[in-house]
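K.L.:
Sharing a structure here in structure tokens format.
The values are calculated or read from the model by the stated rules, or taken from the named source; none is laboratory data. The model shown is predicted, which means the values in this text are computed figures rather than measured ones. Neighbour counts run over all protein chains shown; Cβ positions are idealised from the backbone, glycine included.
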């Protein structure tokens, strides 16, 4: 038995990636789950609009952080709603139109909306010891939950899940497909065949692209038909976002396979990119609840941006104009990752050219 | 010799290790050229260079490779060379599609090759479920199917049973008869003896080259057969075991009783011994 144990440790030591995973994973999970994983919402980005709005803002409990104030112009209510639609705030307080202030809450930010709602309910029933002025200011508010009035979890999960599935097919499955070729020794044969590297690259990727798109359509159809998730925005904007995101995940898949020798290694690496995306992209835990020291990681992950796009478009009918930043980031990341993947791919498909 | 493909003074390094050092090999059309040598001699590296899967190291200084356009090369890599999760027929169809072999030509040819090598009955079986020999035959057929001008086969017969080996040799001979320049590696010297030209590699360097007869004729001295290992320490350095007896190379010996005519296997052993003695700076090296 001792011989067996010694052999096992020897092999473990040789397999650097497994070793790294064993050490990195617990630390990563500890950091993520310890610092990042939180359903508690401490900051609620808020906009205020209408006469007496500034006073109302003053009167709000501390967790409501005023992000913007009505600059004038069109109707305050319309402005406030656009702020929510474009994802600039989770709560909007509008005064002037009704007797008391109207509070608009973005239901597509589930946990933030719940936290905001709790605050108002608690205030109104006097459970929280607040000053008289606060109580007076929000005593007669009317709350409206927009986009997800019943605060259903499925509304926010399914647009996010669509992204996870694209990561799964694009990165995990694709990386396996290319490594299989290398492991079987057939990649070398492809290099000798009358195929251009681009033929091999595209030929390898197109099937997975088709599968990813089919999966996406299925998830959306089931989400809309079975779970009643609304699709309010433009299909074209969503499609463009999905296309850019698939571009990133496929590129990542090929890149992973180009640095892996076996399918096991590819799976390991792919899972290492999948896990942080699932945990940190805002899919489960709200981004604003993630500690700033870890949150920057979230802003590097492509799924963060796709989740933003898919929720914005599906639930809030967010127009493309206010989504330019996630679109630009995905396009940039996709170009970088795919460029790197093609460069690595060429090295063993055109040995004369790349060396 | 017309338009021989092959390598000229090719060198390849992997990091600090020199896998091939100034190796030249020609592959004339219609003939079989065999590269022999032990494990790590550089056979696979040389064949990869000729096939185009690997570039010689150091640019133009690494030597020159002459090969036809990619569509006119058939290459059997050291691995399986076929897709395990495709059937025999699907593997061949993929190959003829990539090489744009018209169906009218590919169909009958595929039928004939499969029939002749006993694979016709397993057309629809997954390549991964074939025996080692059958899979090797399939891979060679796949490489031959487009009718290449240059056919590079990396150890097509290693680990294959004698019947399948005979089938493989039928395929190889057929490719050469059809005009292909066949460059193959093997660890079996009886196979190399059937080739028109042989290159013996050792540690990335050419030990001997020529027709099998030329290589045998170039053995200096004589070879003596002994029942047991020679007692003399100097003789033992020049001795090897073969079929239950011992053979000793005598660089300055004259044919006498107890000496045998060397064959290709003896010639390769002598060439390897000479290289070893030369490295050690011992007598007999420059005989």
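K.L.:
If residue B:250 passes every condition in (1) in contact (Cβ under 8 Å) with a residue 24 or more places away in the chain; (2) under 28 Å from the mean Cα position of the chain (by Cα) but one, which one does it miss?
P.N.:
With (1) in contact (Cβ under 8 Å) with a residue 24 or more places away in the chain; (2) under 28 Å from the mean Cα position of the chain (by Cα) applied to residue B:250, the lone miss is (2).
K.L.:
Something else: Answer with yes or no whether residue B:29 is under 18 Å from the mean Cα position of the chain (by Cα), part of a loop (DSSP other than H, G, I, E, B), more than 10 Å from chain A (Cβ to nearest Cβ) and in contact (Cβ under 8 Å) with a residue 60 or more places away in the chain.
P.N.:
Yes; evaluated as a whole, the condition is true for this residue.
K.L.:
I've got another one for you. Looking at the range B:183-194, which of its residues are in a loop (DSSP other than H, G, I, E, B) and in contact with a helix residue (DSSP H, G or I) (Cβ under 7 Å, 6 or more places away or on another chain)?
P.N.:
Answer for the range B:183-194, where residues must be in a loop (DSSP other than H, G, I, E, B) and in contact with a helix residue (DSSP H, G or I) (Cβ under 7 Å, 6 or more places away or on another chain): just B:193.
K.L.:
Given (1) away from chain B (no Cβ under 14 Å); (2) crowded, with 17+ Cβ neighbours inside 10 Å; (3) part of a helix (DSSP H, G or I), where does residue A:260 come up short, assuming only one miss?
P.N.:
Checking residue A:260 against (1) away from chain B (no Cβ under 14 Å); (2) crowded, with 17+ Cβ neighbours inside 10 Å; (3) part of a helix (DSSP H, G or I), the one that fails is (3).
K.L.:
List every residue pair whose Cβ atoms sit under 6 Å apart, with the two residues 6 or more apart in sequence or on different chains, where the first one lies in the range A:338-354 and is facing another protein chain (nearest Cβ under 10 Å) and surrounded by fewer than 16 Cβ atoms within 10 Å (Cβ to Cβ) and the second, anywhere, is in a helix (DSSP H, G or I) and modelled with pLDDT of 85 or more.
P.N.:
Close Cβ pairs satisfying both conditions: none exist.
K.L.:
Can you tell which of A:323, A:300, A:279, A:269 is crowded, with 20+ Cβ neighbours inside 10 Å and over 26 Å from residue A:220 (Cβ atoms)?
P.N.:
A:269
K.L.:
For the range B:77-87, name all the residues that are within 9 Å of chain A (Cβ to nearest Cβ) and either at pLDDT 95 or above or surrounded by fewer than 24 Cβ atoms within 10 Å (Cβ to Cβ) (or both). Spell out the reasoning first.
P.N.:
Here is the first cut: in the range B:77-87, the residues within 9 Å of chain A (Cβ to nearest Cβ) are B:77-85.
Correct list: B:78, B:79, B:80, B:83, B:84, B:85.
K.L.:
If you take the residues in the range B:40-55 that are within 14 Å of chain A (Cβ to nearest Cβ) and at pLDDT 90 or above, which one is surrounded by the most Cβ atoms within 10 Å (Cβ to Cβ)? Before the answer, list the steps.
P.N.:
The first filter runs over the range B:40-55 and keeps only residues within 14 Å of chain A (Cβ to nearest Cβ), leaving B:44-45, B:47-55.
Retained after the next criterion (residues that are at pLDDT 90 or above): B:44-45, B:47-51.
Working: B:44: 19, B:45: 22, B:47: 25, B:48: 24, B:49: 29, B:50: 26, B:51: 27.
The qualifying residue surrounded by the most Cβ atoms within 10 Å (Cβ to Cβ) is B:49.
K.L.:
Modelled with pLDDT under 90, in contact with a strand residue (DSSP E or B) (Cβ under 9 Å, 6 or more places away or on another chain) and either more than 9 Å from chain A (Cβ to nearest Cβ) or not in a helix (DSSP H, G or I) (or both) - does that describe any residue in the range B:69-76?
P.N.:
no
K.L.:
Would you call residue B:12 within 14 Å of another protein chain (Cβ to nearest Cβ) and either over 22 Å from the mean Cα position of the chain (by Cα) or at pLDDT 95 or above (or both)?
P.N.:
No; evaluated as a whole, the condition is false for this residue.
K.L.:
What tally of residues in the range A:179-188 results from selecting those that are farther than 16 Å from residue A:203 by Cα and more than 7 Å from every other protein chain (Cβ to nearest Cβ)?
P.N.:
Matching residues across the range A:179-188 total 1.
K.L.:
Identify, please: which residue in the range B:95-105 is surrounded by 15 or more Cβ atoms within 10 Å (Cβ to Cβ) and outside any loop (DSSP other than H, G, I, E, B) and is, among those, nearest to the other protein chains (Cβ to nearest Cβ)?
P.N.:
Across the range B:95-105, the extreme among qualifying residues is B:98.
K.L.:
If you scan the range B:41-55, which residues turn out to be assigned to a loop (DSSP other than H, G, I, E, B) and within 13 Å of the chain's Cα centre (by Cα)?
P.N.:
First pass over the range B:41-55, keeping only residues assigned to a loop (DSSP other than H, G, I, E, B): B:41-42, B:52-55.
Result: B:41, B:42.
K.L.:
Among A:176, A:146, A:84, A:117, which is within 14 Å of another protein chain (Cβ to nearest Cβ) and either modelled with pLDDT of 80 or more or surrounded by 17 or more Cβ atoms within 10 Å (Cβ to Cβ) (or both)? It would help to see each step written out before you state the result.
P.N.:
Working: A:146 fails: within 14 Å of another protein chain (Cβ to nearest Cβ); A:84 fails: within 14 Å of another protein chain (Cβ to nearest Cβ); A:117 fails: within 14 Å of another protein chain (Cβ to nearest Cβ).
One residue alone meets the criteria, A:176.
K.L.:
Out of the residues in the range B:56-68 that are over 24 Å from residue B:95 (Cα atoms) and part of a loop (DSSP other than H, G, I, E, B), which is farthest from the other protein chains (Cβ to nearest Cβ)?
P.N.:
Only one residue fits best here, namely B:63.
K.L.:
Pick out, from the range A:160-255, the helices (runs of 4 or more DSSP H) lying fully within it that include 2 or more residues that are under 30 Å from residue A:311 (Cα atoms).
P.N.:
Answer list for the range A:160-255: A:174-183, A:197-225.
K.L.:
Among (1) modelled with pLDDT under 90; (2) away from chain A (no Cβ under 14 Å); (3) exposed (fewer than 15 other Cβ atoms within 10 Å of the Cβ), there is one condition residue B:37 misses while meeting the rest; what is its number?
P.N.:
(3)
K.L.:
Could you pull out the residue among A:220, A:195 that is more than 27 Å from residue B:127 (Cα to Cα) and out of contact with any strand residue (DSSP E or B) (no Cβ under 6 Å at 6 or more places or on another chain)?
P.N.:
Only one candidate passes the filter, namely A:220.
K.L.:
Same structure again: I'm trying to understand the selection: among the residues of the range A:189-228, which are modelled with pLDDT under 85, surrounded by 13 or more Cβ atoms within 10 Å (Cβ to Cβ) and more than 14 Å from every other protein chain (Cβ to nearest Cβ)?
P.N.:
Selection gives A:201 alone.
K.L.:
Take the conditions on the phi > 0 side of the Ramachandran plot and either surrounded by fewer than 19 Cβ atoms within 10 Å (Cβ to Cβ) or at pLDDT below 90 (or both) and apply them to residue B:244. Does it pass?
P.N.:
Values: on the phi > 0 side of the Ramachandran plot: yes; either surrounded by fewer than 19 Cβ atoms within 10 Å (Cβ to Cβ) or at pLDDT below 90 (or both): yes.
Taking the combined requirement at face value, the residue satisfies it.
K.L.:
Could you tell me whether residue B:139 is surrounded by 20 or more Cβ atoms within 10 Å (Cβ to Cβ) and closer than 26 Å to residue A:177 by Cβ?
P.N.:
Judged against the criteria, residue B:139 is a match.
K.L.:
Which fully enclosed helices (runs of 4 or more DSSP H) of the range A:1-111 have 1 or more residues being under 30 Å from residue A:158 (Cβ atoms)?
P.N.:
Those helices (runs of 4 or more DSSP H) span A:16-31, A:76-85.
K.L.:
If the requirement is being part of a helix (DSSP H, G or I), modelled with pLDDT of 90 or more, within 14 Å of chain A (Cβ to nearest Cβ) and surrounded by fewer than 22 Cβ atoms within 10 Å (Cβ to Cβ), which of these qualifies: B:155, B:90?
P.N.:
Among B:155, B:90, only B:90 is part of a helix (DSSP H, G or I), modelled with pLDDT of 90 or more, within 14 Å of chain A (Cβ to nearest Cβ) and surrounded by fewer than 22 Cβ atoms within 10 Å (Cβ to Cβ).
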